[in-house]
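The values are calculated or read from the model by the stated rules, or taken from the named source; none is laboratory data. Nothing here was measured: the structure is a model prediction, and the numbers come from that model. With ideal geometry, Cβ positions are generated from the backbone for all residues, glycine too; neighbour counts draw on all protein chains shown. Quick note on the areas: whole protein, heavy atoms, side chains included, nothing else; ligands and nucleic acids left out. Shrake-Rupley method; radii C 1.70, N 1.55, O 1.52, S 1.80 Å.
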Amino acid sequence: MAMAARVRSTLPIFHRLLRSDSLPSHTPRATLHRTLLCPELSRKYSTSLKKDENVKVPLALFGGSGNYASALYLAAVKGNALDKVESELLDLVQASKNSQLFSQFTKDLSVPAETRVKAINEICGQAKFSDLTKNFLVILAENGRLRHIESIAKRFVELTMAHKGEVKAIVTSVIPLPSQEEKELKETLQEIIGQGKQVKLEQKIDPSILGGLVVEFEQKVFDMSIKTRARQMERFLREPINFGSL
C-alpha cells in the first residue's frame, strides 16, 4: 500500500529524534491527564456528539484498549472517516511489525513524552494521516499508550465490522482450505448467522491441532480438531467403569 510505504519511509526520523539531547520548549502537549481508562479522551471526543445522541458504539468493549478504540470510533463516525482511520491505524501497526526500531520506540516508556509526540507528529505528517488519526496517536504518545496500538487497532476493527454488519469468523486448520471447502464453510456460517450480517472468513494455520477444524465467531467456538477429539477419547478411556450400573 502507498500509505504503508510512506509510513515506512518516515522511520529514519526516529534515529534523529531518539539521539537528540533536547527538544524545543514549544513542543505541543495535550491537556489530557495520563490515565489508563482515558475518561478525558472520551469526553473530548464525545463533546461534539452531544447534538447527535444516536451515535453509539455497536459493541460494548472493556479495558483500556476498548475505551480508547470506542472513543476513536465515535469521533470517526461523527467525522465520516471510519474507513480512513481504520486504514491508517492498520498501516501504523504494520509499520511497527516491519520495523524493530519503531516497535521498540512505541514500547519504550523511558523515551520522553515530548520525543514521542514530536516523532508521531512528523510521521503522521509525512504519511499524510488525517488530523483525527494524528491527534489520537498524539494522545497515545502523551499518555504512554503507543505500546497498546496493536490491541487498540484490533478492537477498533471489531467496532468497524459491527458497524458494517460484518461478522469475523476464524477457521483454524492444519493446511489452507481448498477454495471450494472455504466457500462451503462460509455459506454454512452465513446460514447460521442469518440475514443482515455478512461473514468475513479468516484462515489460520496451526499444525498442532493435528487435523480437522476449529471455527470461532461471535464468541462461539466449535472445536472439531483431531487434537481435541483425541483428548476427549483419552479422558473417556481413563474414566473408571462402574460395573454395578451395568
Here FRET efficiency (C-beta to C-beta, Ser208 to Val57, R₀ 41 Å, nearest 0.05) is 0.70
Sort Arg238, Arg155, Arg145, Arg231 by heavy-atom solvent-accessible area, probe 1.4 angstrom, most to least. Arg238, Arg231, Arg155, Arg145
What FRET efficiency do you get for Val221 and Arg147 if R0 is 45 Å and r is their Cβ-Cβ distance, rounded to the nearest 0.05? 0.95
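How many percent of the alpha carbon pairs in segment 107-246 exceed a separation of 28 Å? Please report the intermediate quantities before stating the final value.
Numbers: 4822 of 9730 pairs.
Above the 28 Å cut-off, segment 107-246 has 50 percent of its Cα pairs.
Quick one: pull the percent of accessible area on segment 91-142 belonging to carbon and sulfur, 1.4 Å probe, ligands and nucleic acids left out. Don't jump to the answer; show the numbers that get you there.
Working: 890 of 2070 Å².
Of the solvent-accessible surface of segment 91-142, carbon and sulfur hold 43 percent.
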Check cross-link reach from Lys154 to the aspartates and glutamates: straight Cα distance under 18 Å, and skip same-chain residues fewer than eight apart. Asp83, Glu86, Glu88, Asp91, Glu166, Glu202, Glu216, Glu218
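Which pairs, out of Lys84/Lys227; Lys78/Lys183; Lys97/Lys128; Lys134/Lys183, put more than 31 Å between their alpha-carbon atoms? Could the numbers behind the result be given before it?
Details: Lys84/Lys227 41 Å; Lys78/Lys183 36 Å; Lys97/Lys128 20 Å; Lys134/Lys183 39 Å.
Over 31 Å apart, Cα to Cα: Lys84/Lys227; Lys78/Lys183; Lys134/Lys183.
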